[in-house]
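J.: Can you keep this structure in mind? I'll have questions shortly.
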Amino acid sequence: MKATASTGKPIKIADAQTGILATYGALPATGYVRLSDLRPIIPLSDSTIWRRVRLGTFPVPVKLSERITAWKAEDVRRWLDEQGIAYHYLDGA
């Protein structure tokens, strides 16, 4: 897999990280991700994600401030693993 920065220059990715990135796309290993970060990784509409949060079938987000809501990346990764889903957006599959 060959990743590129926004400048178009290739980024060196360790072999150990390649598998993680292929499975989780642009999802970071730790930290928080907003809904806009989830869109390329999880093929669900915004309303479906929120409905699943209400139903308890998707991780509950954290309110970081009055206007910012985000999910813990670890919770989203765990959810993906539980679903048995591996999205391979970076390698084009």
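J.: Accessible area, 1.4 Å probe, largest first: how do Arg77, Arg51 sort?
T.: Arg51, Arg77
J.: Report ³J(HN,Hα) in whole Hz for each residue of segment 27-38, in order, from the Karplus equation J = 6.51 cos²θ - 1.76 cosθ + 1.60 where θ = phi - 60°; Gly and Pro get x.
T.: 6, x, 5, 9, x, 10, 10, 8, 4, 5, 6, 7
J.: Taking amide hydrogens as modeled 1.01 Å from N in the peptide plane, which residues meet the under 5 Å criterion relative to Thr69, leaving out close sequence neighbours?
T.: Answer set, sorted by chain and number: Leu64.
J.: How large is the direction-averaged shadow of the alpha-carbon convex hull of segment 22-76, in nm²?
T.: One quarter of the hull surface, i.e. the mean projection, equals 3.8 nm².
J.: How do Arg67, Arg54 stack up against each other in accessible area, from largest to smallest, with a 1.4 angstrom probe?
T.: Arg67, Arg54
The values are calculated or read from the model by the stated rules, or taken from the named source; none is laboratory data. On a predicted model such as this, the values are computed, not experimentally measured, just so you know. SASA here: full protein model, heavy atoms, side chains in, ligands and nucleic acids out. Shrake-Rupley method; radii C 1.70, N 1.55, O 1.52, S 1.80 Å.
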